[in-house]
Amino acid sequence: MKSFFRMSYPYILWIAIFIVAPMLMILLYALTRMGNETLTFQFTLDNFARFFREPTFISVLIRSLRIALETTVLCILLGYPAALFIANLSEKKQTLMVLLLTLPMWINMLLKTYAWRGILQNFDLVSEMKVLIGMVYVFLPYMIIQIHTSISKMDRELFTAAYDLGANRWVTFKKVILPLSVPGIISGITLVFLPAVSSFVIPKLLGGGDYVLIGNLIEIYFITTGDWNFGSAISLIMALIIIASMYLTKKIDRNAQEE
Amino acid sequence: MRKLIEFRNIVKSFDGQVVLKGVNLNIYENEFVTLLGPSGCGKTTLLRILGGFLEQDEGTVIFDGQCIDNVPPYKREINTVFQRYALFPHLNVYDNIAFGLRIKKTGEDIIAQKVNRMLSLVNLEGYGKRNVTKLSGGQQQRVAIARALVNEPNVLLLDEPLGALDLKLRKEMQRELKRIQQEVGITFIYVTHDQEEALTMSDKIVVMNAGEIEQIGTPLEIYNEPANAYVARFIGESNIVTGTMVKDYLVRVDDREYECRDFGFKPNESVDVLIRPEDLTVVRPEEGVMRGEVKSVVFKGVHYELMVETKTGTSKTVKMHVVTQHDMDNRETGEKISANDFYVDSEDLESGALTDRDFISIANAQAWDDENRDISLTEVSHNIEPKPGVYNITFSTDKKTEITVKVYVVHPEYVEDARHNIGISALDFFITPDEIMESMAISTDLKTWASAEAWNLQDDSSVEITDVKFDFDPAAITEGSYDITFATRGRVYKVETTAAKAAGDKVGLAFGPDEIHIMHKAVEDA
Amino acid sequence: MKKKKKFLSSGYLILVLLFIYLPIAYVVLFSFNDSKSMTKFTGFSLRWYENMFNDRTMLQSIYYTVLVAVISTVVSTIVGTVTAIGLSKAKKVIRSAVLEVNNLPVMNPDIVTAIGLMLLFVSAKVQLSLVTLILAHISFSIPYVILSIMPKLRQLDDNVAEAALDLGATPVQALTKVIIPQIYPAILSGALIAFSMSFDDFVISFFTAGVGINNISMYVYSMKRFNPSVNALSTLIVVVVTVILVLVNIISSRMSKERKKEENV
């Protein structure tokens, strides 16, 4: 049996180079002074200070978090009923619905976003609204599928038992289905909030040039300005915020389950 | 018979926990050997070491004169039938059985011949094309056996192979396995925790406990002459009492001496005395070697199983005062409230162990409105002191509906039984006829009402009160005072008999010198 | 009452589907548009399809997309499968540590993974090129393959591999004859995920590809002016994806039917 374990040695080396090392590189760049393409090893916290001292950056950060949060909430509100309705269909129809939902996920996100650009040209909307529509569009199927999986995994006998114990449909939903589907909602949030915060294609294509989110900021500092140290610091800040919010969500989930 | 396998001082531990403590065991050709013991005794670990799936920390395994410690499983001439069969779900019955032969690059015509022979050996002719995941448990079991046997191993290891089957199928497979073993004539090493399985199939039983071998012997030896109380308890039903060996052929139990057939003990050695339930004969009280009272009767089909108490346990008697209770009405709010007088132990008060909540439950205080809905009691006031005497306690609701009852504080009274090392205590109590009539489990409720408890005098651990004696009909109780006796278990013998007896009958128990078996006390008797 | 509820729920589901398919339908429609407009349908024509097949940069982006996706899928599926099997037999501490690190690219925003890899390549003085692009794709695909195979491996009866050894199979034979045949649906779905991740990727490619190497996403992103041939390309992809998914579903349902038939014989 031990000989099988040896099969994972190469990949352990691989993740050291291609996963751990890049993370360390970002950290290194974020903590050092300007000096492109070569590391300078002059340690500094200026990059972080610069971000927090500039109100423009803070407002970009807040805007990114706000739009990601709005996207997530909208996806839950729109996706939950859909997931529930799908779970109530016959097995054949369920498979078909899931297939229909997954099919567009296979089509290049940029192409779909471009299509929205065409559609939204017909309407007079503010940039933020256009971005929000685009985000909800891209992420909704993920949310529906996560919630649907958690509902369809539930033992139907539970619902029968709830009815047997005197609960009506609404009470059964509130006391049995909803709490049991929380893990599905949580993993849905992970799949929506996380990429929404860091997204930079959707705001760029739908929001026009003046609508900047934190992902665009990173792109600007890496590609346009070429200040990789500052760009690394921004992405580190973003990564930390995301990790913190994921941790918070999980904690809320755990607390809710303990109650 | 030729020695085939030898375990020499096998030691194995997992994460610092020693699972095998130096096991020595010889297994011979063509034997049906059973490793018997409770889960966690190390029997499966020993089997997996033989199969090559685990490595021992110390010791050597000799197979056919060769040390096989460094031989990987696929080179050992041993095959295994796994606990949950471990059939290959992606292969059908035929391909599962043919697996080992194909690995050895046997010709397909020979494979067909051998597989078909195996299918008929395990009574599965015509099942070759079936999907193994769709077979019943018994059929999967047979496929697993065929898959192992087709390789013509010298030894077949079976790890609790019948554990997942229902009782009837298990019996059938036991016979089947024995037949197959006799037909193919190879060594079977069988692991089980089921003593009956071990007794019916084995040539030799190895009883294991906590990583050690307790006894090795034929089923008859193990049953009739268990080496110690552990083996006796594990195999078959047993009554085991502590006695003293007076001299050879004479043992003393509870101040009486009995003849026996055992010898070779030290004078006055403390021993365990085993009497099997089927060896006790029920006779009239005056004819018995021992006398006692039938405590319970369970019909077991062929016979009855009686529990006969020959000596009572430690007991305490209290008074139960049955009084009709006066509900208090609150005209204004329409609320009603009730509570009982009660006794309480001054020591409990001193230790501060009793809260208002406890008083509410001891007094059985409750309040309800005109629609019979429960109302919570929000206030408890009393002048109770931890000194013997009579005090008042008042319970009331939010709307000031209240009731006052008497509290009798008394010194605790224990009965301490130094001989059995048991203390028991209980308090007198007040109760209403209604509460007795509404009780769904009267003995349990009486224990609660009287706060009856028993404990071990040495370590203070709690001892079960097994007996609640009373002399009234709970369904037709009237006011008055009644005696209730709480008792722990006395000396109880399990008896198998065909004589119909009822609980409460006085009986005698008889047995001869052949029917008792004396055992050394185990060194580490828990 | 019940009917009404059903009407409501199917109505809602239809609305959701309409929302999801709206841009796809829009793209398909305008791919046949006569004019360059994205708002007015002026008449039917196939000129954007013709344009697409004459557009060298566009064709090249399709070529790079497919090439990178195929190579990274093959490599990541093999490495991921081998690693997952190895990990399933590893000590729990090691396994969970490796899986934790393995999860990083899945949990991390793409852009963080992307700049990390870019910084790595640049610091190691490796010229960004097709090779770095493929390496980057392999490295973000393997975690998904492992994640898709691990649960299936965990479901496997531990004794099944032991049973194979017991019956004389060497560890390699146990792997190829017993373990892999049982987990191949998971391997397949892992490969499918890896392929679609690579095929759709923009962010990581954008930061790790060499000059002049564009995949479809990068081509669309870098368009100076809107080129309606993109609609034709989208339509083509929609058709291919639909055909593949429908085929996969038909085959898998037919396979399960055949299995049922076999059992009844």
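Derivation of every value follows stated rules applied to the coordinates shown; laboratory data play no part. Just so it is clear, the structure is predicted and the values come from calculations on it, not from any experiment. Backbone-built Cβ (ideal geometry, glycine too); neighbour counts: all protein chains shown.
Extension gain for B:PHE299 to B:THR60 (0.36 nm times residue separation, less C-alpha to C-alpha distance): 81.1 nm. Per-residue packing, averaged as other Cβ atoms within 10 Å, sorts the ranges B:249-259, B:143-153, A:102-112 into the order B:143-153, A:102-112, B:249-259, beginning with the highest. The dipole here belongs to the protein assembly as shown: it is taken about the Cα centre, uses +1 on the Cβ of Lys and Arg and -1 on the Cβ of Asp and Glu, and is about 7160 debye. When the square roots of the Cα gyration tensor eigenvalues are ordered a ≥ b ≥ c, the ratio a/c for the stretch B:20-85 is under 1.5, which makes its shape rounded.
Contact order for chain B, expressed relative to its length and based on alpha carbon pairs under 8 Å spaced 6+ residues apart, stands at 15 percent. Is the C-alpha gyration tensor of chain A telling us rounded, prolate or oblate? Criteria: a/c under 1.5 is rounded; beyond that, a/b larger than b/c is prolate, otherwise oblate. Prolate is the answer for chain A, as a/c is 1.5 or above and a/b outweighs b/c. Using only the alpha-carbon atoms, how far is helix B:167-184 inclined from the longest principal axis of chain B? Give it as 0 to 90 degrees, nearest 10. The answer is roughly 20 degrees. Here the stretch B:200-256 is treated as an ellipsoid with the same Cα gyration tensor; its semi-axes, largest first and in whole Å, are 26, 12, 11. Across all directions, the average projected area of the convex hull around the alpha carbons of the stretch C:1-104 is 14.0 nm².
Distance between the modelled labels on B:THR324 and B:ILE442, one decimal in nanometres: 2.1 nm (7 Å Cα→Cβ projection).
The mean count of C-beta atoms from other chains within 10 Å of the C-beta of residues in C:12-18, rounded to a whole number, is 5. Net charge of the neighbourhood of C:TYR26, taken over other residues with C-beta under 13 Å away and scored Lys/Arg +1, Asp/Glu -1, is +3.
Multiplying the sequence separation of B:GLU413 and B:ILE110 by 0.36 nm and subtracting their Cα-Cα distance, what value in nm do you get? That works out to 100.7 nm of additional length.
Ellipsoid fit via the Cα gyration tensor, the protein assembly as shown: semi-axes of 69, 46, 29 Å, each the root of five times an eigenvalue, largest first. If the Kirkwood radius is taken over C-alpha pairs of chain B, then at 25 °C and 0.890 mPa s the Stokes-Einstein diffusion coefficient equals 85 µm²/s.
Extents of the stretch B:1-138, largest first, come to 47, 31, 25 Å (Cα atoms, principal axes, whole angstrom). Packing, as the average of other Cβ atoms within 10 Å across residues, places the peptides A:135-144, A:235-244 in the order A:135-144, A:235-244, highest first. On the beta carbon distance between A:PHE123 and A:ILE243, with R0 = 25 Å, the FRET formula returns roughly 0.10.
Under 25 Å of direct C-alpha separation, and excluding same-chain neighbours fewer than eight residues apart, C:LYS257 reaches these lysines: A:LYS92, A:LYS93, A:LYS153, B:LYS129, B:LYS134, C:LYS152, C:LYS177. In summary, the lysines within cross-link reach of B:LYS12, defined as a Cα separation below 28 angstrom excluding same-chain residues under 8 places away, comprise A:LYS2, B:LYS3, B:LYS21, B:LYS43, B:LYS75, B:LYS204, B:LYS521, C:LYS89, C:LYS91, C:LYS92. For the stretch B:3-231, the gyration tensor built on C-alpha atoms gives a prolate shape. Its axis ratio a/c (a ≥ b ≥ c) is at least 1.5, and a/b is the larger of a/b and b/c. Shielding of peptide C:81-88 by partners, expressed as the average count of other chain Cβ atoms within 10 Å per residue Cβ, is 5. Remark: the stretch A:55-258 carries a charge dipole of roughly 320 debye about the Cα centre, counting +1 on each Lys and Arg Cβ and -1 on each Asp and Glu Cβ. Across peptide C:121-133, the average count of Cβ atoms from other chains found within 10 Å of a residue's Cβ is 2. Residues of the stretch C:16-39 with an amide N closer than 17 Å to a point placed 7 Å from the Cα of C:SER45 along the Cα-to-Cβ direction: C:29-39. Here each label is just a point 7 Å from Cα along the line to Cβ, and for B:ASP514 and B:ARG284 those points are 2.6 nm apart. Length gained on full extension, A:GLU70 to A:ARG6: 18.4 nm, using 0.36 nm per residue less the C-alpha separation. Its Cα centre serving as origin, the stretch B:409-526 has a Cβ charge dipole (Lys and Arg +1, Asp and Glu -1) of approximately 520 debye. Straight-distance candidates among the aspartates and glutamates for linking to B:LYS295, with alpha-carbon spacing under 15 Å and chain neighbours fewer than 8 residues away dropped: B:GLU305, B:GLU309, B:ASP467, B:GLU496, B:ASP505.
Compared with the dominant Cα axis of chain C, that is its longest principal axis, helix C:229-264 is turned about 30°. Compared with the dominant principal axis of the Cα atoms in chain A, helix A:228-258 is inclined by about 20°. Along the axis of the charge dipole computed for chain B (Cβ charges of +1 for Lys and Arg, -1 for Asp and Glu, origin at the Cα centre), the listed residues B:SER461, B:THR244, B:ILE436 are led at the positive end by B:THR244. Packing, taken as the mean count of other beta carbons within 10 Å per residue, orders the peptides A:155-166, B:110-121 from highest to lowest as B:110-121, A:155-166. With semi-axes defined as the square roots of five times the eigenvalues of the C-alpha gyration tensor, the equivalent ellipsoid of chain C measures 39, 29, 18 Å, largest first.
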